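The values are calculated or read from the model by the stated rules, or taken from the named source; none is laboratory data. Only a predicted model underlies this, so the values are computations on that prediction, with no experimental measurement involved. All Cβ positions, even for glycine, are placed from backbone atoms using ideal geometry, and neighbour counts span all protein chains on display. Side chains are part of the model used for accessible areas, which takes the heavy atoms of the whole protein and leaves out ligands, DNA and RNA. Shrake-Rupley method; radii C 1.70, N 1.55, O 1.52, S 1.80 Å.
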Amino acid sequence: MAEGQDGYFDSSTDSLRVEPIYESFLCPLSKQVMRDPVTIESGATFEREAILKWFNDNGSGGRRLVCPVTNKELSSTELNPSIALRNTIDEWMHRNEAAKLDVARKSLTSDCSEGDILQALEYVAEICQRSRSSRHLVRKVGLISLITDLLKNSSPKVRQKALGSLRFVAKNDNDNKNEIAAGDNIRTIVKFLNHGHSQEKEQAVSLLYELSEYKPLSEKIGSVSGAILILVGLSSSKVENLLTVDRAEKTLENLESCEKNVRQMAENGRLQPLLRLLLEGSSDTQLSMAAHLGELVLSNDVKVLVAQTAGSTLVNIMKSGNREAREAALKALNQISSYDTSAKILIEAGILPPLITDLFTVGSNQLPMRLKEVSATILANIVASGASFESVPLDHNRQNLVSEEIVHNLLHLISNTGPAIECKLLQVLVGLTTSATTVQSIVDAIKSSGATVSLIQFVEAPQREVRLASIKLLNNISPFMGQELAEAFRGNFSQLSSLVRVIADNNGISEEQAAAAGLIADLPPQDSVLTRRLLQDGAFSTIITKVTMVRQGDIRGGRFVNPFLEGLVRVVSRITFILDDDPDIIAVARDYNLTPLFTDLLQMNGLDTVQIVSATALENLSRQSKLLTRIVPAPNPGFCFSIFPCLSQKSVATGACRVHVGICSARESFCLLEGKAVEKLVACLDHNNEKVVEAALAALSTLLEDGVDIEQGVMVLCDAEGVNPILEVLCENRNEALRQRAVWAVERILRIDEIAYEISGNQNVGTALVEAFRHGDSRTRQIAERALKHVDKLPNFSGIFSKMGAA
């Protein structure tokens with residue numbers, strides 16, 4: 001008998017004390033138990049593969065072949081199968097395997113050492129690699145359940161070896177796979193994927209791969225909580241070893257045979273299997289996949305992927321599928337369209353025509369309202385993407401989304417559906433009016449449809465989303481429809497009051513509040529009826545309080561704080577547009593102490609609109625100062641001055657305003673000088689925004705108007721270092737409106753001889769005045785002429801223009 005081993009298990013298994021190997025079973029060349037013994041001419045027997053290799057290695061170069069055992073020369077290389085020996089070896093091996101498996105079973109069932117258990121597992125793995133019958137034998141003797149019990153052993157080595165052994169037990173044997181998967185064994189195996197050591201993880205995922213090769217087990221593996229999520233993570237891991245990653249990927253590919261697993265994969269970010277079934281599956285499968293897609297929460301990148309891969313398919317289902325299929329497609333498209341990039345891809349896939357058809361179709365073929373709501377939501381998403389809709393035809397008449405008839409239909413649908421669809425369609429119009437290229441088309445359609453009043457009614461809607469969409473829409477169109485909106489609000493003051501209540505809300509600063517403030521701000525400022533109604537509602541008190549709180553940082557509103565503040569300031573400024581000959585409104589302006597308020601707001605650097613509105617409001621207030629200043633008698637000039645009036649100078653009462661020649665204050669007469677506004681307005685003349693400069697210059701110009709002491713007004717500007725900035729505005733010649741204002745102000749300033757003399761040497765000022773004289777309108781040319789005369793630049797033109805003036 002031989003003391004060696006067979007070729008299928010190592011020496012570690014010798015301690016199992018089984019029938020020894022007979023010498024005749026061993027190949028003289030390989031020293032391994034023969035599986036296909038053959039006899040050669042010399043009578044010696046070898047493993048077929050081994051002797052063929054010997055012949056090949058030793059018969060080259062014309063050398064004569066000899067028997068490797070007897071050294072006898074061979075005249076033939078014929079091989080004769082030794083069937084009797086092969087059968088004897090097979091019988092021996094079967095006895096040997098049975099005996100060893102019995103010993104292994106006892107090692108796994110008794111209280112053996114870790115070493116004995118590992119040795120038994122090693123043999124089981126080796127024997128299972130020999131043949132299918134060996135694996136069948138392992139199952140027959142009850143080893144599978146014993147090995148699966150070891151998966152919960154306390155020794156990591158035993159657990160790892162058990163996983164590895166089971167992989168060989170399972171290979172190409174579905175009965176064994178079923179037994180391995182019995183009970184909660186798959187759950188136990190899955191736990192190793194998440195909590196096991198690196199080697200345990202590798203063995204566990206390899207075992208799962210073997211089990212997943214058997215299709216009936218795919219659903220069972222996928223049903224284990226977290227299994228697919230963990231496998232998806234492993235398949236995309238950058239830190240696991242390549243074998244683990246590869247086995248996880250191949251396991252997932254096997255699990256794709258079950259639709260439930262495909263849906264789970266999609267939920268965990270592996271979307272390609274679902275998309276493949278959506279594109280290639282049966283109609284029932286497509287319906288199932290589309291329905292599930294509509295239930296998923298997708299990242300933006302995935303939305304783009306889905307739109308690119310399956311957008312056209314979903315649009316086709318929406319157009320031609322049955323009711324159930326269309327519903328599934330609509331819900332999926334609703335998900336995908338919620339990201340700008342993917343929404344634009346859907347436009348290219350042709351989503352708009354069927355979408356509009358679904359919304360506008362009435363009668364027996366119309367969609368249920370719940371699906372029209374989904375269609376409206378998709379349309380709102382599509383419009384919010386910012387795509388260009390003028391070039392996307394909706395029908396054979398080449399109508400597009402901003403065509404008058406389409407907008408009329410949208411407006412009609414808004415007025416005849418429930419809040420959910422109303423909200424989404426209002427959002428559609430919000431999106432279309434947000435774009436500078438489409439807003440005018442929408443405004444024209446609203447005007448031609450007479451829908452202004454019906455749109456305004458939604459500002460009183462109890463549903464916040466409907467109210468928000470309505471206010472945003474009205475805010476968008478208010479710059480184009482201010483007068484029409486004002487008339488509608490005058491017809492129902494309660495809607496204006498509703499906007500005030502929105503603004504008054506004290507829960508931070510919302511988008512709704514910013515839109516409401518902007519909407520009221522865009523109504524014609526000279527409309528005294530609306531302004532008085534706002535007064536009646538206490539709007540100005542509320543708004544001024546809000547302005548102060550924002551200014552002091554007591555209210556924080558994130559991205560809406562600036563538009564909200566701009567709107568509030570514009571609303572407050574309405575008071576200053578209706579001051580003329582109205583004591584009640586003047587009293588209101590005094591009560592709210594508007595001059596210091598707007599003076600303070602001039603310093604809101606970075607908020608150009610606030611500065612423009614504040615300067616304009618100060619201009620309006622300042623124009624009232626000469627009418628509101630309290631005139632007091634001038635002091636007695638005295639005897640000498642009464643005899644020689646040429647010696648007297650203009651006298652001003654003690655404490656009187658230099659410019660308005662009366663008793664002034666910021667609160668009572670809105671005086672810029674008393675309100676410390678002059679310096680702040682001068683600072684605005686250096687602003688980059690031309691509109692800020694123009695508004696500040698207009699306010700300062702009220703100190704130089706007829707009806708005030710112009711000379712003192714100029715002196716006030718000198719004291720505030722404002723003359724040179726005004727001259728610079730003139731020289732810069734940024735636009736015609738600024739030039740006209742600057743020419744007017746400079747002419748007034750040059751009426752002071754000392755200043756005129758000093759400026760006469762400034763070539764830049766002279767050139768700017770000449771340019772205004774040459775290229776300005778008739779009024780500006782006349783004013784420029786007077787200014788040039790002040791600096792002696794036009795000595796010969798007075799007669800010409802006096803005649804023109806007389807004419």
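For region 8-32, what are the residues that are at pLDDT below 90 and buried (at least 17 other Cβ atoms within 10 Å of the Cβ)? Within region 8-32, Y8, F9, T13, L16, V18, I21 meet the criteria.
Within region 253-275, can one find any residue that is within 13 Å of K201 (Cβ to Cβ) and assigned to a helix (DSSP H, G or I)? Within region 253-275 (the criterion being within 13 Å of K201 (Cβ to Cβ) and assigned to a helix (DSSP H, G or I)), the answer is no, since none of the residues qualifies.
When region 278-314 is limited to residues that are aliphatic (A, V, I, L, M) and assigned to a loop (DSSP other than H, G, I, E, B), the one that is nearest to the chain's Cα centre (by Cα) turns out to be L298. Number of residues in region 300-344 that are hydroxyl-bearing (S, T, Y), more than 20 Å from F389 (Cα to Cα) and open to solvent by 60 Å² or more (accessible area, probe 1.4 Å) equals 1. Taking L252, is it modelled with pLDDT of 95 or more, open to solvent by less than 10 Å² (accessible area, probe 1.4 Å) and under 28 Å from R139 (Cα atoms)? Yes, satisfied. Cβ-Cβ distances below 9 Å connect the following pairs, each with a first residue in region 356-371 that is basic (K, R), a second residue that is crowded, with 16+ Cβ neighbours inside 10 Å, and a separation of six or more residues or different chains: R370/E327; R370/A420. Looking at region 33-53 only, could you name the residues that are among the β-branched types (V, I, T) and either in contact with a helix residue (DSSP H, G or I) (Cβ under 7 Å, 6 or more places away or on another chain) or open to solvent by 40 Å² or more (accessible area, probe 1.4 Å) (or both)? Scanning region 33-53 gives V33, V38, I40, T45. Looking across region 516-538 at every residue that is touching a Ser or Thr at 6+ places or on another chain (Cβ under 6 Å) and among the charged types (D, E, K, R), the one that is nearest to L499 (Cα to Cα) is identified as D537. Residues in region 223-242: is at least one among the basic types (K, R), under 39 Å from the mean Cα position of the chain (by Cα) and outside any helix (DSSP H, G or I)? There is at least one residue in region 223-242 that is among the basic types (K, R), under 39 Å from the mean Cα position of the chain (by Cα) and outside any helix (DSSP H, G or I). Which members of region 598-630 meet the condition of being among the charged types (D, E, K, R) and either on the phi > 0 side of the Ramachandran plot or assigned to a helix (DSSP H, G or I) (or both)? Scanning region 598-630 gives D600, D608, E619, R623, K626. Meeting the requirement of 3 or more residues that are within 30 Å of the chain's Cα centre (by Cα), the helices (runs of 4 or more DSSP H) wholly within region 358-461 are 369-384, 404-414, 419-434, 439-449.
In region 126-137, the residues that are under 15 Å from E179 (Cα atoms) reach residues that are among the acidic types (D, E) with C-beta atoms within less than 8 angstrom, at least six apart or across chains, in these pairs: R135/D173; H136/D173; H136/D175; L137/E97. What residue, of L568, L618, is within 18 Å of A698 (Cβ to Cβ) and not charged (D, E, K, R)? Going through L568, L618 in turn, just one is within 18 Å of A698 (Cβ to Cβ) and not charged (D, E, K, R): L618.
When the residues of region 598-627 are filtered to those that are among the hydrophobic types (A, V, I, L, M, F, W, C) and surrounded by fewer than 21 Cβ atoms within 10 Å (Cβ to Cβ), the one that is modelled with the lowest pLDDT is M604. Among the residues of this structure, N476 does not count as one that is in contact (Cβ under 8 Å) with a residue 12 or more places away in the chain, more than 29 Å from L367 (Cα to Cα) and open to solvent by 50 Å² or more (accessible area, probe 1.4 Å).
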